[in-house]
Every structure is written in structure tokens, then in C-alpha cells.
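Working notes for the structure below.
The values are calculated or read from the model by the stated rules, or taken from the named source; none is laboratory data. Keep in mind that what you see is a predicted model, and the values were worked out from it rather than measured. Using ideal geometry, Cβ is built from the backbone for each residue, glycine included, and neighbour counts are taken over all protein chains shown. These accessible areas exclude ligands, DNA and RNA; they are computed on the full protein's heavy atoms, side chains included. Shrake-Rupley method; radii C 1.70, N 1.55, O 1.52, S 1.80 Å.
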Amino acid sequence: MSRFGLPPDPNEKKIVQAATKEVVEVSRKYLDSSLRSLTVLDVGSGHGEYSSEMSKFFGKVTGVEPFKEAYEVAVKGISKKKNLKFFHSKIEDFKSKSKFDLIVHLTVFEHMSTPQKGFDRIFSLLKRDGVIYLTAPNKYWPFEQHYGLPFLSWLPLPLANLYLRLAKGIDSYEDCSYSRGYNGMKTFFNQYDCEYEFILPFDINSAYIGCDNDQPLFSLIKKLGISLIRFHPFFWNFSKGFIMVIRKK
């Protein structure tokens, strides 16, 4: 199932497993604790695929999902998982007495109409020296990543709505319209008492970047982009998306 009404991706299981592997590697590198001792919060947990996979590795995983239908699907799939719970809530309204070692924020930023409220709450739920693992699309990548339409994310919302309606018969782009570019992401997180870095995947050949797409042109673009980013961070401006590790001071 797709999180946002798009057709199911035949590679979704591979992507979930590959993404979870990246989260595990980040935890090993940035958190000085065994995986089984770590508590994880999955923000925007959708149908629960990622939370469920992460529960195989971490001590306790909590998913928070604002869309009721997606939340209900997640709850139906966890009857035998004692270390996994889901809550139906916006992150800014989520109440918890516990704080978390790791907060996972996978392709949710572009759906947040009030990101500052959301991240104010996220940072308050994070332990000191805890880590946020975030992925987000680049607003300025030529092909918008939810609908595949060229330059859709570049347009003002009224024009984007019209474009999407004509091209796909979908009335509103608003839910996916809050992505930012490289400088926009830096500006946003500069307002918090945190340290952050943009990182490349540990496994650059996994389904996690490219949905298992092995077409020659795609592979060439991916390899060139990674080489340029390694040469200089300026080239993050032209990346398809971002992976960030954010540590609370």
C-alpha cells in the first residue's frame, strides 16, 4: 500500500528493508548504545511498514500517524509485536511521558504544513544527544517525486493544483507541497540547538536510493551525483533528495 494514494510499488518491501538497514547503520555510528536498548519514534508511520521492520532491530518502536485510515491498517498488522505501538495523532499533538533515543522522519517533511510546530515537539521528545534521521525530497529536483511531473514542485500552489488537475485528475497538490531545497533545509534547522549533517547512504547500490532502478541512464546520473557531492557539498543543491542526521545538543 502507498502512504498517499499512489499505486503500490512492487519494490516496496525491498525499499523498506533497505531504508531500515540505513537507520540501523546510522544508529550504530551516532548512538553509543546497543540497538536493543534504543527507543525509536517513527513520525508519520503510515501503514506501519517501516516501524514494523525497525522493531526487528530496536528495543521499542512507536509510530505516530495523523491519517486514521493508515493508522488503522498499521494497528491490524502488529498483534504479535510486543515492542511496537501505534498512535493516531499529529506529531505536534502527540503526548508521551517517555523521550526517545532516535526519531525517524522518512519523507514526511514535504507533508508538514506547520513544520516548526512539528519539530518543536520532535525536539522536545528527543533525549539529549539523541538523533533524528530524516529523509526528504529536494524541492528543486526537476521531476516531482510523488507524481512524476516535471517542475511541479517549483510552481506556486494555485498553478501546481491546476497542473496536477490537468495532468493527473487530482485536485490539490497541497499535501505534498512543503518541500525545501538544500539551503532551505539548512535555514530551517539552524533555528534549533542542534548539530546536523547531510549524509550519503551507507549502501549506494541499495533499493533505498532509486527504488531498485538499474536503468543505465539512471545509474549514470546517480553515480555522477554521488561523486559530485563527495567532491563538494555545494552539489547537494542538485540532489534528488536529502538524508540528514540531526543531533540534539
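Take the conditions (1) at negative phi; (2) open to solvent by less than 70 Å² (accessible area, probe 1.4 Å); residue 120 misses just one of them, which is (2).
Criterion first (of a type outside the set (Val, Ile, Thr), open to solvent by 30 Å² or more (accessible area, probe 1.4 Å) and modelled with pLDDT of 95 or more) does residue 51 satisfy it? Considered against the rule, which asks whether it is of a type outside the set (Val, Ile, Thr), open to solvent by 30 Å² or more (accessible area, probe 1.4 Å) and modelled with pLDDT of 95 or more, residue 51 comes out as no. Could you please let me know if residue 115 is at pLDDT 95 or above, buried (at least 17 other Cβ atoms within 10 Å of the Cβ) and more than 22 Å from residue 16 (Cβ to Cβ)? For residue 115, the condition - at pLDDT 95 or above, buried (at least 17 other Cβ atoms within 10 Å of the Cβ) and more than 22 Å from residue 16 (Cβ to Cβ) - is met.
Restrict the check to the stretch 161-169 and report whether at least one residue is open to solvent by 90 Å² or more (accessible area, probe 1.4 Å), in contact with a helix residue (DSSP H, G or I) (Cβ under 9 Å, 6 or more places away or on another chain) and of a type outside the set (A, V, I, L, M, F, W, C). Break it down stepwise before answering.
Pass one, the stretch 161-169, residues open to solvent by 90 Å² or more (accessible area, probe 1.4 Å): 165-166, 168.
Retained after the next criterion (residues that are in contact with a helix residue (DSSP H, G or I) (Cβ under 9 Å, 6 or more places away or on another chain)): none.
No, because not a single residue in the stretch 161-169 is open to solvent by 90 Å² or more (accessible area, probe 1.4 Å), in contact with a helix residue (DSSP H, G or I) (Cβ under 9 Å, 6 or more places away or on another chain) and of a type outside the set (A, V, I, L, M, F, W, C).
If we keep just the residues of the stretch 77-86 that are in contact with a Gly (Cβ under 9 Å, 6 or more places away or on another chain) and surrounded by fewer than 18 Cβ atoms within 10 Å (Cβ to Cβ), which is nearest to residue 125 (Cα to Cα)? So, considering only residues that are in contact with a Gly (Cβ under 9 Å, 6 or more places away or on another chain) and surrounded by fewer than 18 Cβ atoms within 10 Å (Cβ to Cβ), the one nearest to residue 125 (Cα to Cα) is 85. Under the condition of being touching a helix residue (DSSP H, G or I) at 6+ places or on another chain (Cβ under 8 Å) and farther than 21 Å from residue 119 by Cβ, which residue from the stretch 34-48 is least open to solvent (accessible area, probe 1.4 Å)? The residue in question is 48. Going through (1) part of a loop (DSSP other than H, G, I, E, B); (2) modelled with pLDDT of 95 or more; (3) closer than 28 Å to residue 246 by Cα one by one, residue 172 falls short only on (3).
For the residues 229, 204, 243, the requirement of being closer than 27 Å to residue 28 by Cα, under 16 Å from the mean Cα position of the chain (by Cα) and among the aliphatic types (A, V, I, L, M) singles out 243. Would you pick out the residues in the stretch 127-160 that are of a type in the set (A, V, I, L, M, F, W, C), open to solvent by less than 50 Å² (accessible area, probe 1.4 Å) and more than 28 Å from residue 218 (Cα to Cα)? 131, 132, listed by residue number. Close contacts from the stretch 78-97, counting a first residue that is touching a residue at least 40 places away in the same chain (Cβ under 8 Å) and a second that is surrounded by 14 or more Cβ atoms within 10 Å (Cβ to Cβ) and part of a loop (DSSP other than H, G, I, E, B), with Cβ to Cβ under 9 Å and a gap of 6+ residues or different chains, come to 86/45; 86/48; 86/78; 91/44; 91/66; 91/108; 91/112. For residue 200, the criteria (1) in a helix (DSSP H, G or I); (2) out of contact with any His (no Cβ under 9 Å at 6 or more places or on another chain); (3) not polar (S, T, N, Q) hold in every case but one, which is (1).
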